[in-house]
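Down below is the structure, laid out as structure tokens.
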Amino acid sequence: MTRVSREFSNTMQKEAVSADVIFASSRFPNYKIGANNQIVDAKEDPKVLTMKEVVARETALLLEQQKRLSVRDLASKFEKGLAAAAKLSEEAKLREAASLEKHVLLRKLRDALESLKGRVAGRNKDDVEEAVAMVEALAAQLTQREGELLQEKTEVKKLANFLKQASEDAKKLVDEERAHARAEIESARAAVQRVEEALQEQEQMSRASGKQDLEELMKEVQEARRIKMLHQPSKVMDMEHELRALRIQLAEKSKHSLLLQKELARSKRVEENLSHIYELDGAETLGSYLRIKPCSDIAPELSQCSIQWYRISSEGGKKEHILGASKSVYAPEPFDVGRILQVEITYDDHLIVLTTTGPIDPAAGLGNYVEALVRKHDVEFNVVVTQMNGADHPSESIHVLHVGKMRMKLCKGKTTIAKEYYSSSMQLCGVRGGGNAAAQALFWQAKKGFSVVLAFESERERNAAIMLARRFSFDCNITLAGPDGGSSIGTK
């Protein structure tokens, strides 16, 4: 067959590699019939190979031919390259059309600015002249880009022509190699067929002579075993005793297995009963709260259980740990909208998992309300400080929380309690726990060492403040989240 080199140039270089089938001799092997009708090889030439060696040698040669580089694969690669070049040519045409449209637009813009230049005076005229200079600079850049595109288009055309010529040459090579390969395959098949016929004849003759000897040998072995068992009856008795002991052990194991299956079924029934002793009570919407509610008399006290809430992404199933959410009540915050909430209850090594029926729904009208507040530079909310730095705050006086585009500020009258710009150390989220009032409260860590829990007048005000602060902080390239930062702990 013909092997094509991997380095391509304007002319395809071919290297002829001989892979013809080679036999040990130019004629079919000769055999002689010896004594007892056995086949004996003729020892005329000591260099003549045996039939098995000839078969192994020809098989190795065929495998080597199969491993060579396929010209058909090469032609396929050329066709793929030609298609890619055609695609690049189409993209160049589209860029040329877009460049022409840009020229027309720039020309119209320049004419409009020139007409406007004659109508204005003073500072406006300077601005118009500066705009005209910018348009001319853009036109120059566009012209330079067009030159580069023309050069790219020329190179693409050259590449397409080269790949087209190479594809045609490869197709010709494929046709030639296919004809050569068919001729070689036919000759190889004929040689293999001759070898197989000779092997079958030899195998049939050896099988006929060896089958009779094998039957006689098996009869002798069986007779010897029978005589040996008659002279050694004690071994038979020992085997019977061993079988009886094994049957007894098997019966005991079966009884033990039945007991284990009954105990396993009993434990499964207990777990199924435990999974139905609690349920989630409350609306699954932003602005409400969810409560773990016992629904059976055998339900243990929640104060004796370990509780942990999680949020699960509805798309990828990613499970996120909500740090601090370890109470029987949890109020969803804006970050939970579109996600499924899950709570795990642990009691006496039993795990009970409760999940919301679907993702948390957004509050009605909250989005429009927040969009209206975004237009303001500073938004004020009336709040009450319930905790400060983790300790209860006895005063119930009204404070004002300012949510601005660059910072947040907490004031009491004219006194500023906290004023911080948005930063990576700032944290903001809904209160995780706290009873029925959790839906109206949020946790704000202005900086390290200062944190407060603020209670709002309504759930709508609390959620609007969280969404507004996160919106403004995002514009400052800061992401406001809770203490956990929305990190995932695994997958569901």
Would you list the strands (runs of 3 or more DSSP E) that sit entirely within segment 352-426 and hold 1 or more residues that are under 22 Å from Glu459 (Cα atoms)?
378-388, 398-404, 407-412
Taking into account only those residues within segment 395-433 that are among the hydroxyl-bearing types (Ser, Thr, Tyr) and free of Cβ contacts under 8 Å to residues at least 12 places away in the same chain, which is nearest to Gly324 (Cα to Cα)?
Ser395
Exactly one condition in (1) open to solvent by 100 Å² or more (accessible area, probe 1.4 Å); (2) at pLDDT 75 or above is false for Ser254; which is it?
(1)
Could you tell me whether any residue of segment 120-132 is at pLDDT 80 or above, open to solvent by less than 50 Å² (accessible area, probe 1.4 Å) and of a type in the set (A, V, I, L, M)?
no
Answer yes or no as to whether Ala190 is under 26 Å from Glu53 (Cβ atoms), open to solvent by less than 60 Å² (accessible area, probe 1.4 Å), free of Cβ contacts under 8 Å to residues at least 24 places away in the same chain and of a type in the set (A, V, I, L, M, F, W, C).
yes
Do we have any residue at all in segment 351-358 that's surrounded by 15 or more Cβ atoms within 10 Å (Cβ to Cβ), under 30 Å from Ser397 (Cα atoms) and in contact (Cβ under 8 Å) with a residue 12 or more places away in the chain?
no
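The values are calculated or read from the model by the stated rules, or taken from the named source; none is laboratory data. This is a predicted model, so every value here is computed, not measured. Neighbour counts run over all protein chains shown; Cβ positions are idealised from the backbone, glycine included. Surface areas here come from the heavy atoms of the whole protein model, side chains and all, with no ligands, DNA or RNA. Shrake-Rupley method; radii C 1.70, N 1.55, O 1.52, S 1.80 Å.
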